[in-house]
Amino acid sequence: MVRSLHVMIMYVLCHLGLIFFMFPADIIASTEQGHWFPILIGIIVHFVCLLTYMKGLSFFPKKDILSIFSKSKKRVTFLFFAPVLLYLIMAIIITVRAYAEIVTLVFLSHTPLWTIILLLLSVSAYISSKGIEAILRTAFLLFILFFPILLFVLIMSFQNVDWRYAIPFDTDLGFISKPAYFESYFAFAGGFLFLGFVQPFFSYERKYVILSAIFLIPFFLFSVYIPILTLGQATASKAFLPFVLIVDSINIDWLMFDRVTMFFLLSLIAFIILYLSLLMWKAIRIINYYIPKSRPSYLLFGLSVAIFFVCFWIPDWKDVENILFMNSFLRSYVIIVVPLSIYYIGRRLKRKDTNETI
Amino acid sequence: MKLSNKKVIYLICSLLTMVLILSGCWDIKDINHRLLPVSIGVKKVDDQYLVILNIPEPIDGSMETKIVSAKAETVSKAVDTISRNMESDVYLLHVKLIFIEKETAEDGINDIIAGFMRSRDVSPKALVAICDEDLQEFFNNIKINAEKKGLSTYNYFEKNAGWNPDIALTRVWEVFRGIHSYTHDVAIPLIRSGKDTTMDQIGSAILKRGKMVEQISSNETLLYNVFKGESGNGKMEVMEHATVMLLGSKTDNIGRLVNNDAHMESLIKVRVVILETKGEPSLNLIKEEINTLISERYNKLFTKLQENEADVFGMGQFFRNQIPRDELKNWRSDYFKNMKININVKIDIQNEGYLKTT
């Protein structure tokens, strides 16, 4: 079944959810001027990985990333998939914990953290228990419901910009050594893995995924540049969530709602719940591959409960940042090793095939 | 599809639990148990802050104003004290105006503003004003005016209500930017309670890095707004031979760095209509008069600003491409102080009303 549109929307939504929160603060913290450069490098890395990954996958039509390795021994493949699984689980923990904190920070200041963690986890576990079909359908629905709102808020957030703050353009490579910069890759590396998991269920055309990656470029740029253009680097670096701050300072006389932040945040939280369900689904697919006899829904339940307690156990924001930084190593594995090895195996297989036909 | 009994029971149970969660209520206080102040006054007394809240209370269809105050080491503690002593809880969610007493502003308001920015209760788009009389007295006068004459405070600053182009409109986030930015300072309206009106605007306070350093008149504030790009629409100017009304204005600025000295060329384009004339002046004479009036006023204002090294116009923004970031840090003292400014005014008389002018 060809579902390019759904895959496209899913790809856009899970990145949108990640872009507007930690990403701007990380980029602003990693360099003093010329923010376009670190963003550009990130986008290039993103594209290279995405293209390699999809090219590699295209050698195996109708196969997902797990069955590509089905010929080799399970123990060997486990070495390959264990970091991926660990990355996925850590990503779920970080996302749930960080976004629960953001929700309490921005609007539910009296609500205890564990209820928000519970809400995020239970809704996303439910969606993911229904399988990839349900996830993609939900993505489509959420896109129709929330994307116009998001776009409206994004356009309105240009209200107070002073374009001269973009100058000076010149830049250096100093950001490479900053931990904050590696944390910013959380937004780049979050989504693309799922393309390798949907294959047996759906197929998609590669050009549509590339289109949606291109579609995301302005969002990466604006999420950093709108705070910079409104506040300037010196002030924006003081803010924890710069983009949310800017959205909060939008003043629209003719709109009957006082705070557009609510709409903005709620739509992004909806995207994040979807992203979480996708992560869970991927993690369960991997676990289920190695423990084939267990029922996925029990695994899912167990995983959610475990994640709930881990999230509950993380006491403060500093620890979230530490985990995010530790996760950078796994993330670089996911960004670099996974696409490259898929591509390599694919190439080898193709050569073998052509040799055999000759 | 037919559901088994077991499934129906599951469904009902889960739907019922959802009722508990979906209300989203947690330690919630109903709206009738909340107090929502519209304005808050802050004054520093020795080492403590005196906080005064203006809370409108709907009683039997009419609005009554309640003024409450408390003194504590910090602003939030004072609000908390008020909240404790009142029968309802105080929420600063809808604060529209923040008044700060003049002496406090002269000491610096960095901590107060940072506090408002940090706590997400007060919206960053609340307006800031400086009060040129005893804060307690000012709030009492507001109460008397509101109850006896039905005048409200917050409409005074609403762009779609009582705002005039010679009132500076400065929001919390702009003040915060003024504290940290290298090139931006802010002007804040300076007010006192009026006899027949709620407030009398005296002019504006110039804040340099969060400290009030100078005071400018309403006429000069108009120039500030014109420069910022707020329309000066509807403002009258009386001269020797004519009275004109401003329709619109535009400024073009070019900043150049000559031998490490800043030079500024500003071209101010003003569109006016003639309202009244004395005698029979020629159009050229009227243009000449407006020209001298505006450029003289601008020059006077600039000298005042340069003496105080307070760049409320954000002139440094025009030099961002010429001064490296490290030196831009000292923009106010190294460059702005000795900046040469050349102001040209271009007047367009859009129309002359029903009568011809020779």
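The values are calculated or read from the model by the stated rules, or taken from the named source; none is laboratory data. Everything numeric in this text was worked out from a predicted model, so none of it was measured. Counting neighbours? That spans all protein chains shown, and the Cβs are built from the backbone with ideal geometry, glycine included. Accessible surface is based on the protein model in full, side chains and every heavy atom, while ligands, DNA and RNA are left aside. Shrake-Rupley method; radii C 1.70, N 1.55, O 1.52, S 1.80 Å.
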Hey, can you tell me all the residues within the range A:64-121 that are over 25 Å from A:Ser341 (Cβ atoms) and in contact with a Pro (Cβ under 9 Å, 6 or more places away or on another chain)? A:Thr104
Which condition from (1) within 14 Å of chain A (Cβ to nearest Cβ); (2) at positive phi is the one that B:Arg118 breaks? (2)
Can you name the residue in the range A:248-263 that is within 24 Å of the chain's Cα centre (by Cα) and more than 10 Å from chain B (Cβ to nearest Cβ) and is also surrounded by the most Cβ atoms within 10 Å (Cβ to Cβ) among such residues? A:Val260
Only one of A:Ala306, A:Ala270, A:Ala283 is aliphatic (A, V, I, L, M) and free of Cβ contacts under 8 Å to residues at least 24 places away in the same chain; which? A:Ala306
Let me confirm something: among B:Arg171, B:Arg177, which residue is without any contact (Cβ under 8 Å) to a residue 24 or more places away in the chain and under 20 Å from A:Pro227 (Cβ atoms)? B:Arg177
Is there a residue being exposed (fewer than 15 other Cβ atoms within 10 Å of the Cβ), at pLDDT below 85 and over 20 Å from B:Val213 (Cβ atoms) anywhere in the range B:133-142? no
Here are the criteria: (1) within 14 Å of chain B (Cβ to nearest Cβ); (2) in contact with a Phe, Trp or Tyr (Cβ under 6 Å, 6 or more places away or on another chain). Tell me which single one A:Pro83 does not satisfy. (1)
Could you tell me which residue of the range B:289-325 is most open to solvent (accessible area, probe 1.4 Å), considering only residues that are closer than 30 Å to B:Lys278 by Cα and basic (Lys, Arg)? B:Lys300
Report yes if B:Leu53 is modelled with pLDDT under 85 and among the hydrophobic types (A, V, I, L, M, F, W, C), otherwise no. no
Strands (runs of 3 or more DSSP E) completely within the range B:143-243 that count 2 or more residues being modelled with pLDDT under 80 and more than 14 Å from chain A (Cβ to nearest Cβ): B:236-238
Pull out all pairs, ordered by first then second residue, where Cβ-Cβ is under 6 Å, the residues are six or more apart or on different chains, the first lies in the range A:146-170 and is within 30 Å of B:Met315 (Cβ to Cβ), and the second is open to solvent by 30 Å² or more (accessible area, probe 1.4 Å). A:Ile167/B:Asn321; A:Pro168/A:Gln33
So B:Gly255 ticks every box in (1) touching a residue at least 40 places away in the same chain (Cβ under 8 Å); (2) part of a strand (DSSP E or B); (3) open to solvent by 30 Å² or more (accessible area, probe 1.4 Å) but one. Which box is left unticked? (3)
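Taking the criterion of being of a type outside the set (A, V, I, L, M) and within 25 Å of B:Ala205 (Cα to Cα), would at least one residue in the range B:275-286 satisfy it?
no
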So A:Ala234 clears everything in (1) within 14 Å of another protein chain (Cβ to nearest Cβ); (2) surrounded by 20 or more Cβ atoms within 10 Å (Cβ to Cβ) except one condition, right? Which one? (2)
Quick check on this structure: which one of A:Ile39, A:Ile89, A:Ile68 is in contact (Cβ under 8 Å) with a residue 60 or more places away in the chain and within 14 Å of the chain's Cα centre (by Cα)? A:Ile89
Suppose we filter the range A:159-211 for residues that are surrounded by 15 or more Cβ atoms within 10 Å (Cβ to Cβ) and within 14 Å of chain B (Cβ to nearest Cβ); how many remain? 9
Which count do you get for residues in the range B:307-331 that are in contact with a strand residue (DSSP E or B) (Cβ under 8 Å, 6 or more places away or on another chain) and either on the phi > 0 side of the Ramachandran plot or among the hydroxyl-bearing types (Ser, Thr, Tyr) (or both)? 1
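So if I check each of B:Ala78, B:Ala72, which one is over 20 Å from B:Ile191 (Cα atoms), hydrophobic (A, V, I, L, M, F, W, C) and either out of contact with any Ser or Thr (no Cβ under 7 Å at 6 or more places or on another chain) or not assigned by TED's automatic domain parsing to the domain that holds B:Ala187 (or both)?
Result: B:Ala78 is the single residue among B:Ala78, B:Ala72 that is over 20 Å from B:Ile191 (Cα atoms), hydrophobic (A, V, I, L, M, F, W, C) and either out of contact with any Ser or Thr (no Cβ under 7 Å at 6 or more places or on another chain) or not assigned by TED's automatic domain parsing to the domain that holds B:Ala187 (or both).
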Of the residues in the range B:51-106, those that are closer than 30 Å to B:Ile179 by Cα and open to solvent by 50 Å² or more (accessible area, probe 1.4 Å) come to B:Ser69, B:Lys71, B:Glu73, B:Thr74, B:Ser76, B:Lys77, B:Asp80, B:Leu93, B:His94, B:Lys96, B:Glu103, B:Glu106
Just the residues that are crowded, with 16+ Cβ neighbours inside 10 Å and within 14 Å of chain A (Cβ to nearest Cβ), please, taken from the range B:326-356. B:Leu328, B:Trp331, B:Arg332
